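Notes follow the structure.
The values are calculated or read from the model by the stated rules, or taken from the named source; none is laboratory data. Not measured: the values here are computed from a predicted model. Neighbour counts are summed over all protein chains in view; Cβ atoms, including those assigned to glycine, are modelled from backbone coordinates with ideal geometry. Just so you know, the surface numbers come from the protein's heavy atoms only, side chains and all, with ligands and any DNA or RNA stripped out. Shrake-Rupley method; radii C 1.70, N 1.55, O 1.52, S 1.80 Å.
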Amino acid sequence: MARKPIIVGNWKMNGTVEETLKLITELHHKLESPEVDVVVAPPFTSLYSAYVMLQEMPTIKLAAQNMHWEAEGAYTGEISGVFLKEIACDYVIIGHSERRQYFAETDEAVCKKVASAVAQELIPILCIGETRDQRASGKTENVLESQLKKALSAIPMSEAKNIVVAYEPVWAIGSGETPTEKEIESAAYFIRNYLGRLYDAPTANTMRILYGGSVNSENSGIFLRIPNIDGLLVGGASLFPEKFLKIIESRHSSS
Ligand code: 13P
């Protein structure tokens, strides 16, 4: 079965409720029955309003940017998958490098979050990727393997197929720099191959692999043509409806 492409806008810590609703309205207004899954990830405070608005706009799906692994309890400042499910979030970004880097999120925490998301029937968008130093010292594949192995260690084969893996080299995020097509192709091939070893080939072939890091409307079509890349995780450019729309539409020039 062909993997349906998916374009995710990670708004990070951007967007008041008012800005969120404006952005979604503009996006929806110009979005004509996309052949890709279109997902936006506004901040937590905007999710509920976005959910209410999106009930009339089912072509756009919602993602959260993070979650806690427990369903409820004394975890000040945290949000659980149960709450996300209640407001019809379909996806949740887990293990973004900014969370690993600035909020000391460990592979163990990422593993618990992925397992909890799956238990809540949320689709995890699991982020992995190497730093500049790791790439320079030839450790990219070791890092990808280690992050995948740890993050997925609690996920049996029967539950793996819906998981989305986002390859986001840390050095490409927000920098305007991207890997070459060959480098992305080789990382995506490595990821698919490793998922095949972790589970089996048919399972690995149903899992979607995204590229993220300095995606814009000029390079998106090129990235979407890369074998084993099934979509994009877009940061900065997803805050501008016209740029995000071009990225969504660049899929058409890719087939
Ligand atoms: P940029 O597209 O701004 O580089 O961010 C990528 C990212 O981190 C998406 O999760």
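Assorted remarks:
- Efficiency of FRET between F103 and E177 - r from beta-carbon atoms, R0 25 angstrom, step 0.05: 0.60
- The residues neighbouring I6, those whose beta-carbon lies less than 15 Å from its own, together hold a net charge of 0 under the Lys/Arg +1, Asp/Glu -1 convention.
- Sorting T203, T178 by accessible area puts them as T178, T203; the probe is 1.4 Å, largest comes first, and only protein heavy atoms count.
- Look at where the Cα atoms of the stretch 17-62 and of the stretch 75-106 average out, and the two centres are 19 Å apart.
- Carbon plus sulfur fraction of accessible area for the stretch 37-130, probe 1.4 Å, in percent: 54 percent
- Helix content alone sets the calculated 222 nm mean residue ellipticity of the chain: runs of n ≥ 4 DSSP H residues at -39500 (n - 2.57) each, divided across all residues, give -12000 deg cm²/dmol.
- Under 29 Å from the Cα of K149 - lysines, other chains or at least 8 residues apart: K4, K12, K61, K85, K112, K113, K139, K161, K182
- For the stretch 163-215, the percent of C-alpha pairs falling in each 10 Å distance bin, counted from 0 to the bin holding the largest distance, reads 26, 48, 23, 4.
- For K61, residues with placed amide H under 5 Å, excluding near neighbours: V38, V39, V40
- Estimated inter-spin distance, E19 and I79, nm [label 7 Å along Cα→Cβ]: 1.6 nm
- Charge dipole (debye, nearest 20) of the stretch 188-255; +1 at Cβ of Lys and Arg, -1 at Cβ of Asp and Glu: 100 debye
- Packing-based ranking of 124-133, 52-61 yields 124-133, 52-61, ordered from highest to lowest mean Cβ neighbour count within 10 Å.
- Most fluctuating residue given options H29, H68, H96, as computed from a GNM of the chain linking Cα atoms under 10 Å: H29
- Unit charges on C-beta of K, R, D, E only; dipole of the stretch 139-224, Debye: 340 debye
- Accessible surface of the stretch 164-231, 1.4 Å probe, proportion on carbon and sulfur as whole %: 50 percent
- Our estimate of slack between A2 and N193, defined as 0.36 nm per intervening residue step minus the Cα-Cα distance, is 67.0 nm.
- Packing, as the average of other Cβ atoms within 10 Å across residues, places the peptides 136-145, 183-192, 161-170 in the order 161-170, 183-192, 136-145, highest first.
- Placing +1 on the Cβ of every Lys and Arg and -1 on the Cβ of every Asp and Glu, with no other charges, gives the stretch 1-108 a dipole of roughly 280 debye about its Cα centre.
- 1.4 Å probe accessible area per residue over the chain, in Å²: 47 Å²
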